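Q: Got a structure for you, questions after.
The values are calculated or read from the model by the stated rules, or taken from the named source; none is laboratory data. Since the structure is predicted, the reported quantities are computational estimates derived from the model, not experimental observations. Positions of Cβ are generated from backbone atoms using ideal geometry, with glycine treated the same way; all protein chains shown enter the neighbour counts.
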Amino acid sequence: MKGKSELIGGDEKLATIFERLKRIIVDQLGVDEAQVVPSTSFAKDLNVDSSEFAELIMAIEEEFSGSGRKPEIPDEDVERITTVQDAIDYLRDCGIED
């Protein structure tokens, strides 16, 4: 599955998993883009509580759905997603590509 198209600087290009996740995190949590790097911890660096994280996970599932499939992230997997890189790796393991 290819990334959703975005207009960047007037040109359409496919956004990477990281770019798409970063946009979701900034939109959902209201944090500055500079705070969102692969090593960012949701709890420690962004002070995300459990209800905010649940909403973030739902937004991630929605963003990366398509072509008749929607990644459902089970609770036991959610517990292992502590950083932005963990989320990227999880999505790649689900077959999502840049």
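Q: For the stretch 56-85, name all the residues that are surrounded by 13 or more Cβ atoms within 10 Å (Cβ to Cβ) and in a helix (DSSP H, G or I).
A: Going through the stretch 56-85, the residues surrounded by 13 or more Cβ atoms within 10 Å (Cβ to Cβ) turn out to be 56-57, 59-61, 63-66, 71, 73, 77-78, 81-85.
Passing the criteria: 56, 57, 59, 60, 61, 63, 77, 78, 84, 85.
Q: Which condition breaks for residue 42 when tested against (1) exposed (fewer than 14 other Cβ atoms within 10 Å of the Cβ); (2) at pLDDT 95 or above; (3) of a type outside the set (Asp, Glu)?
A: Exception for residue 42: condition (1).
Q: On to the next question. Which ones in the stretch 88-98 are touching a residue at least 60 places away in the same chain (Cβ under 8 Å) and outside any helix (DSSP H, G or I)? Can you show your working first?
A: Initial filter on the stretch 88-98 (touching a residue at least 60 places away in the same chain (Cβ under 8 Å)): 88, 91-92, 95-98.
Listed by number, the residues that qualify are 95, 96, 97, 98.
Q: Also, I was wondering about something else. Which residues, counting only those in the stretch 65-76, are touching a helix residue (DSSP H, G or I) at 6+ places or on another chain (Cβ under 7 Å) and over 21 Å from residue 41 (Cα atoms)? Spell out the reasoning first.
A: Taking the stretch 65-76 first, the residues touching a helix residue (DSSP H, G or I) at 6+ places or on another chain (Cβ under 7 Å) are 70-73.
Within the stretch 65-76, 70, 71, 72 meet the criteria.
Q: What are the residues in the stretch 30-55 that are farther than 21 Å from residue 96 by Cβ and assigned to a helix (DSSP H, G or I), if any? So that I can check it myself, show each step before the final result.
A: Let us first name the residues in the stretch 30-55 that are farther than 21 Å from residue 96 by Cβ, namely 30-35, 41, 43-52.
Hits for the stretch 30-55 are 33, 34, 35, 50, 51, 52.
Q: Here's another thing I want to ask about it. How about the stretch 77-87: which of its residues are in contact (Cβ under 8 Å) with a residue 24 or more places away in the chain, out of contact with any Ser or Thr (no Cβ under 8 Å at 6 or more places or on another chain) and either small (Gly, Ala, Ser) or under 13 Å from residue 41 (Cα atoms) (or both)? Even if it seems obvious, please write down each step before you answer.
A: So the first thing to find is which residues in the stretch 77-87 are in contact (Cβ under 8 Å) with a residue 24 or more places away in the chain, and the list is 78, 81-85, 87.
Right, trim to out of contact with any Ser or Thr (no Cβ under 8 Å at 6 or more places or on another chain) and you get 78, 81, 87.
Passing the criteria: 81, 87.
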